[in-house]
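A short write-up of the structure that comes next.
Derivation of every value follows stated rules applied to the coordinates shown; laboratory data play no part. Remember, it's a predicted structure, so these values are computed and weren't measured experimentally. Cβ placement follows ideal geometry from the backbone for every residue including glycine, while neighbour counts extend to all protein chains displayed.
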Amino acid sequence: MINLERVDKVYLHVPLTDMRKAVNGLSIIIETDMGLDIEENTLYVFCNKKKNMLKILHYDNGFWLYYRKLETGKFRWPDTSGEVKVTFEELKWFINGHELRLVERKYEPIKKGVFY
């Protein structure tokens, strides 16, 4: 069963990726290029050269591979180097076509509290 509630981190692998890679090829990139542990509760996001396809690798007692292809338009993939850590909420916005703001965040998230 898909369990995205337990996802702790989201990493974007910024260098463009060959979308012919499947679970094994992407997991090698995560462990060698990114130097991260594949078995964490983490989503790893990859994009192709045309920036119209995404693959998301997720480990939850086995691998899940999510795939999204845009028929028109492109994802606004960042131009930095290495990998980028984003929140799960930012990933949801990004997948729906919004641009990621990778500059330092000015505001803290609003904390739930009692207001009178």
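Annotations
- Checklist (1) part of a loop (DSSP other than H, G, I, E, B); (2) within 12 Å of the chain's Cα centre (by Cα); (3) free of Cβ contacts under 8 Å to residues at least 12 places away in the same chain applied to Trp93, failing item: (1)
- The set of residues in segment 36-87 that are farther than 13 Å from Leu16 by Cβ and hydrophobic (A, V, I, L, M, F, W, C) comprises Leu36, Ile38, Leu43, Ile56, Leu57, Phe63, Trp64, Leu65, Leu70, Val84, Val86.
- Close pairs from segment 47-74: first closer than 19 Å to Ile29 by Cβ, partner among the hydroxyl-bearing types (Ser, Thr, Tyr), Cβ under 6 Å, at least 6 apart: Lys55/Tyr67; Ile56/Tyr66; Leu57/Tyr44
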